[in-house]
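The values are calculated or read from the model by the stated rules, or taken from the named source; none is laboratory data. Source: prediction; values computed, not measured. Neighbour counts are summed over all protein chains in view; Cβ atoms, including those assigned to glycine, are modelled from backbone coordinates with ideal geometry. The protein model used for the area step is the full one, side chains on, heavy atoms only, and it has no ligands, DNA or RNA in it. Shrake-Rupley method; radii C 1.70, N 1.55, O 1.52, S 1.80 Å.
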Amino acid sequence: MMQNSKILIEGRKRLEGSVSISGAKNAALPELAAVVLSSGKFSFSNVPRVKDIHVLLKALKNIGAEFQLTGSTVDIQLDTLRSGLVPPEIVETTRASVLLLGPLLARHGYARVSMPGGCPIGDRKINYHIDGLEKMGASFRFEEGYIIAEAPRLQAIDFQFPGKTVTGTENLLMAAVLAEGTTTLRNCALEPEISDLVQLLTAMGAEIQSDDPETLVIKGKSSLDGATHCIIPDRIEMGTYVVAGCLENNEIKIENAAPHYIDSLLDILKEMGCAIQVDADSMIVRSCGELRPVRVETEPYPGFPTDLQAQLTTLLTQANGTSQVVEHIFDNRFQHALELNKLGADIRLEGNTAIINGKTSFAGRDLLATDLRASAALVLGGLIADGETVVHNAYQLFRGYENMPEKLQKLGACVKIIDS
Ligand code: EPZ
């Protein structure tokens, strides 16, 4: 997709039918990074075909990996590391290249990763990652926009994360599996993508225990094997289509799902009066007319996820009354609100709280997608707007949603991609 593609939406079409959920981007990213830890062969199935994954595969090729992409299966092997360099063009589009730090240090003793660029949703520090890796024996220096890290052999540590960090937990976990001795990581994040990574590492021969879910105990090994792994469904994509099903008079069946990953969203939607039928790996969502306003606060998993905050905000503009959304994770994650107001929403920002007055009707406008999840919220807004909505910077959407326009068209939406 061109950087300057846009999405045209002709709103007010009823959505009905079924949508199949793709693999989780935020599980596939650390799991592909884990390939660096072994010279063995890997086969990943249910890999989402999204931009961030393609960029990380390019980074892996750059350091010596060979891979084949067939549909949603990636066969990949990195038997000889060519270099520890991850160039800027890789990092600029996805911050996930930071996930190569731990594996490169563990396998290679050296990493040179371009500093992650700025991020529209807020300050994305990595001090917990660096602090933990330094305690494991790595030394860091920062030169010409690169993070350069070196470590003779990583040593086991007993480390408490000062705050919940998803990729910080993943980075140190991947460093620990080849470190000398037994590492204990405390106050780990609990996202399902981390448990999926633990499953992969265990299949590779790593020894990881976790009597209490927030504590991981890792007995370092001298080497690890390749593995075959099926990636879990994407809970954020799932939540996005659940919200779409609650809009107007839609009825959507969501398949290849894992409903228990989004219990926090389902509880909120029940409070709003939405009718959702939940089975083991599918859900049927139908809107139920009158939506009640709610107050929502984003929290680390299993709390309400910040990655669904923008999408839920779009739905809250259709509730009768005043809702509040409090964003605790990132300090600038309300840019979608300003764009939704162009459609006709009535959202006021007060610090880390968005106050949403509903119910408002939407008229199509030109909108600007500022980040991945904001772009999904704007597409949902376009679906319920009279007339045509154009979402510019649509590449943001393609970073993390597999074939969203096509999946929406199959449900009856009128959505087109324009590569200008
Ligand atoms: C992961 O980002 C996800 N990305 C994000 O999804 C998600 O929003 C985020 O977790 C929170 O759930 C991937 O998994 C690839 P954090 P991550 O470290 O790991 C602060 C999407 O849309 N912090 O959990 O970068 C940090 O500033 C993306 O798919 C430190 O202060 O997030 C933030 O305020 C967006 N120091 C908070 O913790 C650190 O060393 C949570 O960050 C690390 C984090």
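Ranking 265, 77, 192 by Cα position along the charge dipole of the chain, where only Lys, Arg, Asp and Glu carry charges on their C-beta atoms, puts 77 farthest toward the positive end. Taking Cα centroids, how far is the range 103-143 from the range 359-420 in Å? Distance between centres, Cα-based: 34 Å. Taking the Cα centre of the range 157-312 as reference, the dipole from Cβ charges on Lys and Arg (+1) and Asp and Glu (-1) amounts to some 120 debye.
In units of the compact-protein estimate 2.2 N^0.38 Å, the range 1-157 shows a Cα radius of gyration of 1.18. Note that the range 40-86, at 37 °C in a medium of 0.692 mPa s, gets a Stokes-Einstein diffusion coefficient of 300 µm²/s from its Kirkwood radius over C-alpha pairs. Per residue, the average separation of C-alpha pairs within less than 8 Å and at least 6 apart gives the chain a relative contact order of 22 percent. Phi angles across the range 309-314 convert, under the Karplus curve 6.51 cos²θ - 1.76 cosθ + 1.60 with θ = phi - 60°, into 3J(HN,Hα) values of 5, 5, 5, 5, 4, 4 Hz, Gly and Pro given as x. Under 5 Å from the amide H of residue 230 lie the amide H atoms of 45, each residue being 5 or more positions distant or on a separate chain, with H modelled from the backbone and absent for Pro and chain starts.
Which is the longest run of the chain containing none of the GluC sites (Glu not before Pro) found in DSSP loop states (not H, G, I, E, B) with at most 13 other C-beta atoms within 10 Å?
On the way: sites that count: 144, 290.
It runs 145-289.
The phi torsions of the range 186-201, fed into the Karplus equation with coefficients 6.51, -1.76 and 1.60 and a -60° offset, translate into couplings of 10, 6, 6, 5, 10, 4, x, 5, 6, 4, 5, 5, 4, 4, 4, 4 Hz, rounded to whole numbers, with Gly and Pro shown as x. For the chain, the antiparallel share of DSSP beta bridges with both residues in that region comes to about 70%.
When the alpha-carbon atoms of the range 223-373 are used, the pair Rg, Dmax equals 16.3, 59 angstrom. The charge dipole of the chain, taken about its Cα centre with unit charges on the Cβ of Lys, Arg, Asp and Glu (plus for the first two, minus for the last two), comes to roughly 620 debye. With the cut-off at 1.5 for a/c, could you classify the range 131-179 from its C-alpha gyration tensor as rounded, prolate or oblate? Verdict is oblate for the range 131-179.
Think of the chain as having a plus end and a minus end, set by charges on the Cβ of Lys, Arg, Asp and Glu; of 162, 173, 319, 319 sits farthest toward the positive end of this dipole. Each residue, residue 16 and residue 148, gets one label point 7 Å from its Cα in the Cβ direction; the gap between the two is 6.4 nm. If only the Cβ of Lys and Arg carry +1 and only the Cβ of Asp and Glu carry -1, the dipole of the range 87-188 around its Cα centre is close to 220 debye.
Just list whichever of 25/253; 359/410; 125/164; 58/125; 25/270; 6/416 have alpha carbons separated by over 18 Å in the model shown. Over 18 Å Cα-Cα: 25/253; 359/410; 58/125; 25/270.
Going by the alpha-carbon gyration tensor, a ≥ b ≥ c the square roots of its eigenvalues, is the range 249-299 rounded (a/c under 1.5) or, if a/c is not under 1.5, prolate (a/b greater than b/c) versus oblate? Because a/c hits 1.5 or more and a/b fails to exceed b/c, the range 249-299 counts as oblate. For the chain, the alpha-carbon radius of gyration amounts to 0.98 times the rule-of-thumb value 2.2 N^0.38 Å expected for a compact globular protein. Adding -39500 (n - 2.57) for every DSSP H run of four residues or longer, then dividing by how many residues the chain holds, sets the calculated 222 nm ellipticity at -9000 deg cm²/dmol. At the residue level, residue 211 shows approximately 150 square angstrom of accessible surface with a 1.4 angstrom probe and all protein chains present. Karplus-based coupling profile of the range 213-222, in residue order and whole Hz: x, 8, 10, 10, 10, 10, 8, x, 10, 7, with θ = phi - 60° in 6.51 cos²θ - 1.76 cosθ + 1.60 and x standing for Gly or Pro. What's the local net charge at residue 355, with K and R +1, D and E -1, over the other residues with C-beta under 11 Å away? Around residue 355, the surrounding residues sum to 0. Comparing mean-square fluctuations of 229, 328, 392 from a GNM of the chain with C-alpha springs under 10 Å, the top value falls on 328.
Inter-label distance, residue 186 to residue 135: 0.9 nm, where each label sits 7 Å from its Cα along the C-beta direction. Amide H contacts of residue 12: 384, 385, each under 5 Å away and 5 or more positions distant or on a separate chain (H built 1.01 Å from N in the peptide plane; Pro and chain starts excluded). Here the simple spin-label model places points 7 Å from the Cα toward Cβ, and for residue 41 and residue 80 these points are separated by 1.9 nm. In this structure the amide hydrogen of residue 297, modeled in the peptide plane, comes within under 5 Å of the amide hydrogens of 326, none closer than 5 places in sequence on its chain. Extension gain, residue 251 to residue 410, is 55.9 nm, computed as 0.36 nm per intervening residue step minus the present C-alpha separation.
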